Amino acid sequence: MVESWSFLDTVESNFRPLVVIELAKGTKEETIEWFTKRIVDKKANGGAQLLIKPLVTENGVENIYLVGASHLRLLLGAETVGLVKECNDNSMRTFTYSSRKTFKHFADDNHNFLTMAECQYIIKHELENLRAKNEKMIPGYPQAKLYPGKSIVRRLLTSGILVQIFPLHDREELKKLSHSWYGRVKVGYQPLDDIRCYFGETIALYFGFLEYFTFALIPMAVIGIPYYVFAWEDYDKYVMFATFNLLWSTVILEVWKRICAILTYRWGTLLMKRQFEEPRPGFHGVLGINPVTGREEPVYSSIKRQLRIYLVSLPFVCLCLYFSLYVMMIYFDLEQWALDYHRENESNLSSLMLYVPSIIYAVVIEIMNRIYRYAAEFLTSWENHRLESSYQNHLILKVLVFNFLNCFASLFYIAFVLFDMKLLRQSLATLLITSQILNQFVESLLPYWLQKRYNRRMKKHMCSKKTDMDLSLAEQVNIEKEMGTYLGTFDDYLELFLQFGYVSLFSCVYPLAAVFAVLNNITEIYSDALKMCRVYKRPFAEPTANIGVWQLAFETMSVISVVTNCILIGMSPEVDALFPDSKMDLVLTVALVEHLLLAIKFIMAFVIPDKPRDIQMKLAKLEFESLEALKQQVRAFQMQLHFLLIHH
């Protein structure tokens, strides 16, 4: 592969812009010249060996640059990042340039062998791996310090010189995807393979999980409707429904692991090697030597980080949890006031007033969740985690703990302190429906409306200019650079996680929760698709083999649901009547049943394989072949060494 770099050129007649780089206004010429030179320089000289040209508008060059790459450069980059592609024998293997002819659909003149998302991912990888050599600072900016091995792009971002890097949309492909995805209402599966080709595996996997979870909710919804219609006030009949829910919540999560393995094997990410993680852009510290890589990079004491976590972050989270409980008690005071008002007046207005406290509380919960999210991001960033994965894990833990207590504490209080099942049903229904409506409005409808207004203004402005320049590309770049940045699937998974809690924790009290969840998720698929295609900038593809820590979060919620549903069943009059003499026997029986159900749950999780049998066999075969290839390389090396020793 090293020999192949010499064949690359830094110019190509058919330049295809893939990625946009926007520098800050007023960036010094020497900085621009140095940065662009590093981008086009050959790999041997520490460059990225990519293609770059400025975007020329009616005002001239405005510090916006378009980055592309030659076909050969992208193929060599695919080998560098370890992309996995399908071979002619239908197996999945890591792409290498030397064996390119063995891969399905490969041809020297086929520039579609790599998807556009893969090409943009390769360019992002090469840009992020542009490293300082002997430079001590960014030219023109003495305060922006560099040291050998430091990522240039990350330093430019943290210094404010580089505003943003984002991949361009392919308008023709986007139009086709939009039509097949959300352009028409239809009963059928989403085009997950097309979504993956355009947006990458992380986003495709989220939509795959959303679709799967929606279908998995349908049995619960179908069973819940007759329970609601025929046994709404007969609480005792919900025992069977709750039992079904407990088994259902385990099975769907285990089956998802298998579906996830099928998808990611087909997409090649199940086989991708995990790359060594670089320090995240916001990480700072005293310059030192990384004992693993041997490179100079900032070093920060883990003791200081732990002190920040336990002496500042943890007390702050506890304070927020206390405030959430305080707001919850205000809500119950409002509930009591609404109930007293209804008893005094007994009118239609007073009946409606019974729902007002729950609606207000649901809105307050959403506001508190969003404010806390910003605080959690600030605190987690301040903790100064070295790796992005560590940062994300600490952020997710903070947000999940607060959101769980904030959304479900009132329901637990009503169920296990007030023992008011009627109020529990009312509160659960109001919280679920209100949160779904608010999320749809804030996450999709409002951003779409704002973006549409901006697009209209931009098109008017572009059309009013009398110029011979290529309006379409300039218009596209100017519109896309002002679009919102998609911050990842965190909020989307969090919304599904809370919805899963509403459905599973108190299923025996409100069977219609699954019905509303299905209806919400159907609209969520279309609104999220619209959001990805029309509202946000195109995100860079991120290869992934699973949904990560969210799988553990959902499994934890399903364990908690076993406990809550068992207690609710034990509190039912029918079960209580079986133990008229000793309440201790009732408690012990409920605890025994709960332990048995948890045991069944864990046995099912163990018995159901995470990967289908055929994929297990394919993975084992690939591992065997790679070991055999390694043995042959060792034998060849030993023979060469033996030959040299004899002749010496």
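Can you find even one residue in the range 579-599 that is surrounded by 11 or more Cβ atoms within 10 Å (Cβ to Cβ), part of a loop (DSSP other than H, G, I, E, B) and of a type outside the set (Asp, Glu)?
yes
Pairs only if they're at least six apart or on different chains, beta carbon under 6 angstrom, first in the range 21-48 and farther than 22 Å from Gln164 by Cβ, second open to solvent by less than 30 Å² (accessible area, probe 1.4 Å); list them, first residue then second.
From the range 21-48, the pairs are Asp41/Gly47; Lys42/Gln49; Lys43/Gln49.
Do we have Leu205 as in the same structural domain as Leu83 (by the TED database) and either more than 30 Å from Phe506 (Cα to Cα) or touching a Ser or Thr at 6+ places or on another chain (Cβ under 9 Å) (or both) here?
No.
Take the residues in the range 174-193 that are more than 18 Å from the chain's Cα centre (by Cα) and assigned to a helix (DSSP H, G or I); name whichever of them is surrounded by the fewest Cβ atoms within 10 Å (Cβ to Cβ).
Here the answer is His179.
Please find, among Ser358, Ser350, the residue that is part of a helix (DSSP H, G or I), in contact with a His (Cβ under 6 Å, 6 or more places away or on another chain) and surrounded by 13 or more Cβ atoms within 10 Å (Cβ to Cβ).
Ser350
Tell me the residue from Asn384, Asn393 that is surrounded by fewer than 19 Cβ atoms within 10 Å (Cβ to Cβ) and at positive phi, please.
Among Asn384, Asn393, only Asn384 is surrounded by fewer than 19 Cβ atoms within 10 Å (Cβ to Cβ) and at positive phi.
Tell me, yes or no, whether the range 617-635 has at least one residue that is at pLDDT 85 or above, among the hydrophobic types (A, V, I, L, M, F, W, C) and either part of a helix (DSSP H, G or I) or not assigned by the TED database to the domain that holds Ser249 (or both).
Yes, there is a match, as at least one residue in the range 617-635 is at pLDDT 85 or above, among the hydrophobic types (A, V, I, L, M, F, W, C) and either part of a helix (DSSP H, G or I) or not assigned by the TED database to the domain that holds Ser249 (or both).
Among Tyr322, Tyr341, Tyr331, which is the only one that is open to solvent by 50 Å² or more (accessible area, probe 1.4 Å), modelled with pLDDT of 90 or more and assigned to a helix (DSSP H, G or I)?
Sole residue among the options that is open to solvent by 50 Å² or more (accessible area, probe 1.4 Å), modelled with pLDDT of 90 or more and assigned to a helix (DSSP H, G or I): Tyr322.
Is there any pair with a first residue in the range 567-588 that is free of Cβ contacts under 8 Å to residues at least 40 places away in the same chain and a second that is not in a helix (DSSP H, G or I) whose Cβ atoms are under 7 Å apart and which are 6 or more apart or on different chains, and what are they?
Asp585/Phe579; Leu586/Phe579
The values are calculated or read from the model by the stated rules, or taken from the named source; none is laboratory data. None of these values were measured; they are calculated from a predicted model. Neighbour counts run over all protein chains shown; Cβ positions are idealised from the backbone, glycine included. The protein model used for the area step is the full one, side chains on, heavy atoms only, and it has no ligands, DNA or RNA in it. Shrake-Rupley method; radii C 1.70, N 1.55, O 1.52, S 1.80 Å.
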